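Before any comments, here is the structure.
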Amino acid sequence: MPLVTAGVVVLDCAEPEKLAVFYKEFLEGEETAATANLVEIRGADGMRMAFRRDANATPPSWPRPENSLQAHLDFQVEDLDAAERRVVELGGRPLEAKDAPGPYEERSCSDPAGHSFTLRRARPKAPKQG
């Protein structure tokens with residue numbers, strides 16, 4: 001039996017209830033637990049996230065150089081334009097940054113509390129061999 005049975009990405013923020021709604025809607029998920037200081041969700045694909053109350057939370061300023069990137073989330077999407085529109089509808093915003101090198105398209109965004117993440121076009125699946 002494995003020592004670790006589950007993992008959860010936890011983001012600190014001033015208002016966990018509001019941030020949980022953003023990610024729950026974006027990931028088409030559900031709230032799985034809530035206390036006065038922590039809200040947990042599970043996305044439709046099974047990704048687990050939690051949002052912990054920290055009245056002094058300061059989001060990273062990335063891509064501005066005066067503050068380092070402290071954590072970063074990547075979400076694979078089929079349609080970059082539709083995903084970016086959904087982020088904006090839910091209160092997030094696109095971040096201006098240079099296009100990443102390589103064959104995959106991506107866009108940088110931030111959630112309503114300022115945590116950055118990337119929308120990355122899902123890689124096409126190769127046809128089955130044999």
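For N56, only one of the following conditions fails: (1) within 18 Å of D74 (Cβ to Cβ); (2) of a type outside the set (A, V, I, L, M); (3) open to solvent by 50 Å² or more (accessible area, probe 1.4 Å). What is its number?
Condition (1) is where N56 drops out.
Please state which of the following conditions G91 fails to meet, knowing it meets all the rest: (1) modelled with pLDDT under 85; (2) in contact with a Phe, Trp or Tyr (Cβ under 9 Å, 6 or more places away or on another chain); (3) closer than 20 Å to P16 by Cα.
It fails just one condition, (1).
Looking at region 59-80, is at least one residue part of a helix (DSSP H, G or I), at pLDDT 75 or above, surrounded by fewer than 16 Cβ atoms within 10 Å (Cβ to Cβ) and of a type in the set (D, E)?
Looking for residues that are part of a helix (DSSP H, G or I), at pLDDT 75 or above, surrounded by fewer than 16 Cβ atoms within 10 Å (Cβ to Cβ) and of a type in the set (D, E), one finds none in region 59-80, hence no.
Which members of region 3-38 meet the condition of being β-branched (V, I, T), under 15 Å from the mean Cα position of the chain (by Cα) and either open to solvent by 80 Å² or more (accessible area, probe 1.4 Å) or at pLDDT 95 or above (or both)?
Result: V21, single match.
The values are calculated or read from the model by the stated rules, or taken from the named source; none is laboratory data. What you see is a predicted model, and the numbers here were worked out from it, not measured in a lab. Note that each Cβ is placed from the backbone with ideal geometry, even for glycine, and that neighbours are counted across all protein chains shown. Remember, those area values only see protein heavy atoms, side chains included, never the ligands or the DNA or RNA. Shrake-Rupley method; radii C 1.70, N 1.55, O 1.52, S 1.80 Å.
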